[in-house]
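Comments concern the structure below.
The values are calculated or read from the model by the stated rules, or taken from the named source; none is laboratory data. As the structure is a computational prediction, the values presented were derived from the model and not from experiment. A quick note on method: Cβ atoms are made from the backbone with ideal geometry, for glycine too, and the neighbour counts reach across all protein chains shown. SASA here: full protein model, heavy atoms, side chains in, ligands and nucleic acids out. Shrake-Rupley method; radii C 1.70, N 1.55, O 1.52, S 1.80 Å.
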Amino acid sequence: MPEKSDVRAEAVTMDTLVSLTKRRGFIFPSSEIYGGLASAWDYGPMGVELKKRIQEFWWREMTQLNDNIVGLDAAIMMHPRVWEASGHVENFTDPLIDCKNCKHRFRADQIPEENMKTHKCPDCGATQLTEARKFNLMFTTHMGPVEDEGGLIYLRPETAQGIYVNYKNVLQTGRVRIPFGIAQVGKAFRNEITTKNFIFRTCEFEQMEMQFFIHPSEDAKWFEHWKGKRMQYYIDLGVRPEKLRWHQHGPDELAHYAKVAFDIQYEFPFGWKELEGIHNRTDYDLKRHTEYSGKDLSYLDEQSHERFIPYIIETSAGLTRTVLVVLADAYDEEVVEGEKRVVLRFHPRIAPTTIGVFPLVKKDGLAEIAHTLSDELCEEFRTFYDESGAIGRRYRRQDEVGTPFCVTVDYQTKEDKTVTIRFRDSMEQVRVKTAEIAPTIRRAVKEYKRVPGGSPSAADGGGNGGTQA
Ligand code: GAP
């Protein structure tokens, strides 16, 4: 195995992530050829795979592993009354302050107290700050040919409301009874004033939300249940537990709909920040929709004959924010034989590519064998075939995009139908029969544990010994 030093990157910077993810096809600035659009980002070939894997893992956790949770995909554009009922028209605001001199705009909580007192702009120093005024974060647009009040609609600022307004439809058709949940993944839009830190806070983003409908007397029990499940999700995703913590909302922080709220926070390069919120929304939303729509949204328990408005425990995760967490958490550097190795230590279950397949050289029939293997393996795994450049460089390229396994076809393959599997974290290589590739990798994905400088390998029982290629 190559010589490794213990030097590891302790803290990745945002600049490093922005440049690596652009260089390796994860995330590009939006409309870049026109100079970009502030805070908008596009997901490239690697980024879209990573985002999909995270989403699939969430969807599986929610709908496949819980027979009382069903899925939904509601429209982004909804009746405008929805947002009056939800309280967003009235309450979904940030207090904003403008500088009349330099025209910069700030959220009130970003201005130091001293500046507030003197009305002094933190940017230009002029004492021309305005008083704070409420600014609604919802984007508006118009439906139909005339841009008048009648056609005014909003882009949804959360996916949750699409679930509430469909709750009766799901109840009537989904063969579910309380307690049950509805899960949804989709885009949400907020006219955020401060959009920095890459994809952390953007105006267009994706959420993975699950609304769990319960009897009001069971809210504490289910709140604890979902708290536990949601923290475990990130650990199963491969995020280091020491980088995760809870933050309970104080009375000043609670959203207008929440009785109790806890955030899962991650230690980003710029500090501890929210990744997901778990909220006890009580019967607030269903009561408000009952009031505004005039439709009865109560629930009749057929056994006890009790009629009540269900409480809702909400788990609300940012999908695009989770992409940032996973990237920041996976980033690692080490010095190998005197050279810096950059490696994204993704959990294999979410890595954009699972197996890199390489012929040692293109000639002498090795490329054909590698192609055939790649074609077989891609039925089950996400594979990437690469025959260009020195083999060491090909490994390094895969390290940088977090590919956990590389299979190399060499001259010995022609003699005894064996290949090497190289493990990303440990850089260990083992020889296995071609028929053993899939079982070995299947097992390694299942048993994966992130250990600095090492990962499960065929040496744990999957291969034919530890011969190095
Ligand atoms: N339905 C409840 C709700 O939307 P939230 O705390 O406002 O709650 C939930 O948002 C999650 O959505 C956050 O924890 C965060 O991960 C993500 N999120 C919110 N605003 C975001 C933004 N502007 N950009 C990226 N992600 C955002």
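Data for the structure
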quantity	calculated
Residue within the stretch 242-256 that is buried (at least 21 other Cβ atoms within 10 Å of the Cβ) and either within 16 Å of the ligand (Cβ to nearest atom) or in a strand (DSSP E or B) (or both) present	no
Residue within the stretch 320-336 that is of a type in the set (Asp, Glu), within 16 Å of the ligand (Cβ to nearest atom), in contact with a strand residue (DSSP E or B) (Cβ under 7 Å, 6 or more places away or on another chain) and in contact (Cβ under 8 Å) with a residue 40 or more places away in the chain present	no
Output for the stretch 176-203, where each listed residue is under 19 Å from Phe57 (Cβ atoms) and within 10 Å of the ligand (Cβ to nearest atom)	Ile199
Filtered residue count, the stretch 204-228, keeping only those that are within 16 Å of the ligand (Cβ to nearest atom) and either modelled with pLDDT under 95 or open to solvent by 40 Å² or more (accessible area, probe 1.4 Å) (or both)	1
Residue list for the stretch 416-428, restricted to those being over 29 Å from the mean Cα position of the chain (by Cα) and of a type in the set (A, V, I, L, M, F, W, C)	Val419, Ile421
Test for Gly277: is it within 9 Å of the ligand (Cβ to nearest atom), within 23 Å of the chain's Cα centre (by Cα) and open to solvent by less than 60 Å² (accessible area, probe 1.4 Å)	yes
Selected residue [over 20 Å from the mean Cα position of the chain (by Cα), surrounded by 14 or more Cβ atoms within 10 Å (Cβ to Cβ) and modelled with pLDDT of 95 or more] from Val260, Val185	Val260
Residues that are among the polar types (S, T, N, Q) and buried (at least 20 other Cβ atoms within 10 Å of the Cβ), drawn from the stretch 280-312	Asn280
Any hit, the stretch 103-110, residues being farther than 30 Å from Thr130 by Cβ and out of contact with any Asp or Glu (no Cβ under 8 Å at 6 or more places or on another chain)	no
Members of the stretch 17-56 found to be of a type outside the set (A, V, I, L, M), open to solvent by less than 50 Å² (accessible area, probe 1.4 Å) and in a helix (DSSP H, G or I), listed by number	Thr21, Gly47, Lys51, Arg53
For Tyr34: the one exception among (1) touching a Lys or Arg at 6+ places or on another chain (Cβ under 9 Å); (2) of a type in the set (Ser, Thr, Tyr); (3) at pLDDT 95 or above	(1)
Positions within the stretch 238-261 being touching an Asp or Glu at 6+ places or on another chain (Cβ under 9 Å) and either within 30 Å of Leu344 (Cβ to Cβ) or basic (Lys, Arg) (or both), in sequence order	Gly238, Val239, Arg240, Glu242, Lys243, Leu244, Arg245, Trp246, His247, Lys259
Pair list, Cβ under 6 Å, 6 or more apart: the stretch 243-256 residue touching a residue at least 60 places away in the same chain (Cβ under 8 Å) and among the basic types (Lys, Arg), other residue outside any loop (DSSP other than H, G, I, E, B) and open to solvent by 60 Å² or more (accessible area, probe 1.4 Å)	Lys243/Glu267
Ala328 being within 26 Å of the chain's Cα centre (by Cα) and surrounded by 23 or more Cβ atoms within 10 Å (Cβ to Cβ)	yes
Condition check for Val82: in a helix (DSSP H, G or I), open to solvent by less than 60 Å² (accessible area, probe 1.4 Å) and within 30 Å of Gln211 (Cβ to Cβ)	yes
Pairs, first under 18 Å from Val18 (Cα atoms) in the stretch 397-415, second surrounded by fewer than 24 Cβ atoms within 10 Å (Cβ to Cβ) and small (Gly, Ala, Ser), C-beta under 9 Å, six or more apart	Arg397/Gly389; Val401/Gly25; Gly402/Ala330
